[in-house]
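Engineer: Please see the structure below; I have some questions.
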Amino acid sequence: MGAHARRADGIPGSFPGYPRDMTTPATTPAAFALSARILCGALMGALVLMGLVLFFVLPSDETPPIWVPLAQVVAAVVVHVGLETIGYRIAPLESALSDDEAAAEARTRWQSSMMVRFALSEAIAIGSIALAFVVDGGIWVYLVGAAVSLVLMWIHVWPGARSVGRTADALEAGGRASHLRETFGASAPGPIQQF
């Protein structure tokens with residue numbers, strides 16, 4: 001192979017037989033859904049790993065004051081209401097987009113929205129890390145905060161039927177199909193659904 005390898009279509013910079021460069025991988029709906037689930041699982045798993053690390057740093061024989069878990073639950077309710085209010089505000093897809101462009105744009109907007117919802121959901125666990133070093137309660141302060149954050153992530157971040165459906169509804173508000181539900185294997189809303 002020479003220094004200037006060409007693709008099958010004659011564009012320099014790649015090896016023959018490979019349809020695309022590494023910088024522009026093909027994204028099929030199934031590959032996107034799988035990578036989104038892996039990303040969400042890794043983000044949620046990071047909270048568990050932080051708990052494991054903090055277990056060796058923070059005392060485990062202390063119990064937190066009652067106001068700490070109550071404050072964490074109140075914070076979770078505030079975050080949940082905030083996510084319900086602003087977490088799914090996404091600009092509708094433009095009607096001039098082709099089906100492929102609309103699907104690609106929907107996936108991009110879903111992922112951006114998902115990362116915002118993740119950051120807001122994770123805030124309780126991050127705040128609980130700081131709180132665990134300041135008040136009595138040790139690891140239990142973090143564990144309650146992490147559990148609350150994981151519940152929020154399951155509801156708002158994990159690409160389940162609820163979060164995907166809410167995002168698809170926002171994207172399709174202008175009348176353009178997003179194909180986001182199909183990407184994640186969720187059924188479309190309506191009186192008759194396939195089993």
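Derivation of every value follows stated rules applied to the coordinates shown; laboratory data play no part. Please read all numbers here as calculations on a predicted model, not as lab measurements. When we count neighbours, we look across all protein chains shown, and the Cβ atoms used for this are built from the backbone with ideal geometry, even at glycine.
Engineer: Please go through region 47-64 and give me each residue that is among the aromatic types (Phe, Trp, Tyr) and assigned to a helix (DSSP H, G or I), ordered by number. Show your work before the answer.
Structural biologist: Step one: list which residues in region 47-64 are among the aromatic types (Phe, Trp, Tyr), which gives 55-56.
Across region 47-64, the qualifying residue is only PHE55.
Engineer: Looking only at region 87-139, filter to residues that are β-branched (Val, Ile, Thr), closer than 21 Å to MET153 by Cβ and in a helix (DSSP H, G or I); which one of those is farthest from the chain's Cα centre (by Cα)?
Structural biologist: Residues of region 87-139 β-branched (Val, Ile, Thr): 90, 108, 116, 124, 126, 129, 134-135, 139.
Now drop any that are not closer than 21 Å to MET153 by Cβ, which leaves 90, 108, 116, 124, 126, 129, 139.
With the extra rule that they be in a helix (DSSP H, G or I), the set shrinks to 108, 116, 124, 126, 129, 139.
Details: THR108: 12, VAL116: 8, ILE124: 16, ILE126: 17, ILE129: 21, ILE139: 26 Å.
Only one residue tops the list, namely ILE139.
So that you can scan it fast, the table gives a plain yes or no per residue for (1) of a type in the set (Val, Ile, Thr); (2) within 28 Å of GLY45 (Cα to Cα); (3) out of contact with any Lys or Arg (no Cβ under 6 Å at 6 or more places or on another chain):
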| position | (1), (2), (3) |
| --- | --- |
| ALA96 | no, no, yes |
| GLU101 | no, no, yes |
| ALA106 | no, yes, yes |
| TRP110 | no, yes, yes |
| MET114 | no, yes, yes |
| PHE118 | no, yes, yes |
| GLU122 | no, yes, yes |
| GLY127 | no, yes, yes |
| VAL134 | yes, yes, yes |
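Engineer: In a helix (DSSP H, G or I) and under 28 Å from LEU180 (Cα atoms), is that true of ALA75?
Structural biologist: Numbers: in a helix (DSSP H, G or I): yes; under 28 Å from LEU180 (Cα atoms): no.
It is false that ALA75 is in a helix (DSSP H, G or I) and under 28 Å from LEU180 (Cα atoms).
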